[in-house]
Amino acid sequence: MFDDINDLYQQVILDHCKQPRNFHEMPRCSCSAQGFNPLCGDNLKLFLTLDNDLIREASFVGSGCCISKASASLLTENVRGKSKLEAEQMFERVRELVTTGKATGDVGKLAVFAGVYKYPARVKCAILAWHALVGALKGENNPVSTENDLN
């Protein structure tokens with residue numbers, strides 16, 4: 001059973017890597033943030049369209065490893081319709097998930113990253129887009145980096 005779940009998780013990650021969802025620039029976005037992971041070379045720009053406190057649209061562009069692309073793709077699907085606070089809480093759950101393998105609260109499809117903690121170099125790949133999300137929501141002008149994270 002455990003191997004079946006790992007295989008399914010790997011298939012989901014590969015699918016989002018090869019066919020990333022919402023992979024396009026959003027010229028009329030409300031906010032955006034650039035993210036960079038110097039360890040792996042992942043580089044992305046996340047775009048958000050806000051309607052008051054709600055995230056209506058999310059997209060990204062950039063290049064990176066499979067885990068980084070899949071994480072950004074799944075992020076864009078998961079933050080739509082969420083408030084800024086809910087998105088920031090999701091960041092905390094995802095960070096916990098990729099660093100410990102467990103999450104407090106529901107992470108939905110993002111559970112595919114539960115095994116990432118076993119590969120410390122890949123934790124930063126999985127969390128990069130989420131740092132960009134927080135940076136965009138806070139209106140940070142400087143690129144965000146995974147080097148500022150605890151891992």
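The values are calculated or read from the model by the stated rules, or taken from the named source; none is laboratory data. Values in this document were obtained by computation on a predicted structure and should not be read as measured data. In this analysis, Cβ positions are derived from the backbone assuming ideal geometry, glycine residues included, and neighbour counts consider all displayed protein chains.
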How many residues are polar (S, T, N, Q), surrounded by fewer than 20 Cβ atoms within 10 Å (Cβ to Cβ) and within 16 Å of VAL144 (Cα to Cα) if we restrict to the range 47-85?
-> 1
Within the range 14-71, the residues that are of a type in the set (Gly, Ala, Ser) and touching a Pro at 6+ places or on another chain (Cβ under 6 Å) are none
Can you spot a residue in the range 17-31 that is buried (at least 17 other Cβ atoms within 10 Å of the Cβ), among the aromatic types (Phe, Trp, Tyr) and within 16 Å of the chain's Cα centre (by Cα)?
-> no
Would it be correct to say that ALA136 is in contact with a strand residue (DSSP E or B) (Cβ under 6 Å, 6 or more places away or on another chain) and modelled with pLDDT of 95 or more?
-> yes
